[in-house]
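Worksheet for the structure shown next.
Rule-based calculations on the coordinates, nothing more; no lab input. What you see is a predicted model; the values in this text were computed from it and never measured. Here the Cβ positions follow ideal geometry from the backbone for every residue, glycine too, while neighbour counts run over all protein chains shown.
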Amino acid sequence: MAGIVVIALIGLALEKFRLPENRELHGGALGHDLVMTDLGQHRRSSVRGTSRSLVAAAAYEALARSGYFAPALLPTLPTIARTLFAGIADGKSDRTRRRSRFIASCSASALSVVVGLPLGILMARFQRVEHFFLPLRERR
């Protein structure tokens, strides 16, 4: 009984403090019509992404230079860049070949998950999809 009274009081309070009608508060569309063009959105998202990357790099560099971790565990960004460019200029193709194989296997695994899971769900939900793809799987 007390719960019903509380719900009724909350309903009265919400009715008293109602939200304004559509466009009543600002008088225009949200998003500032002309300011948010496609070019403006693209520029804004680029600035956000760049600033986030710079902040992450600065935080990493500060942590690397703080001395809490050994330089072998957390090298500074210039050390990483020097090592990367030295390895590329050195021509150690074996290491590059192994990395490319690793990236290819990760990509293949990700692709199989991205394609296989939705396909399996569709096959379980819709009999037509199952009848279409099942002969492909059983074929040898």
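Data table
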item: Label-point separation in nm, residue 41 to residue 96, each point 7 Å along Cα→Cβ; result: 4.0 nm
item: Highest to lowest packing among 74-82, 46-54, scored as the average C-beta count within 10 Å; result: 74-82, 46-54
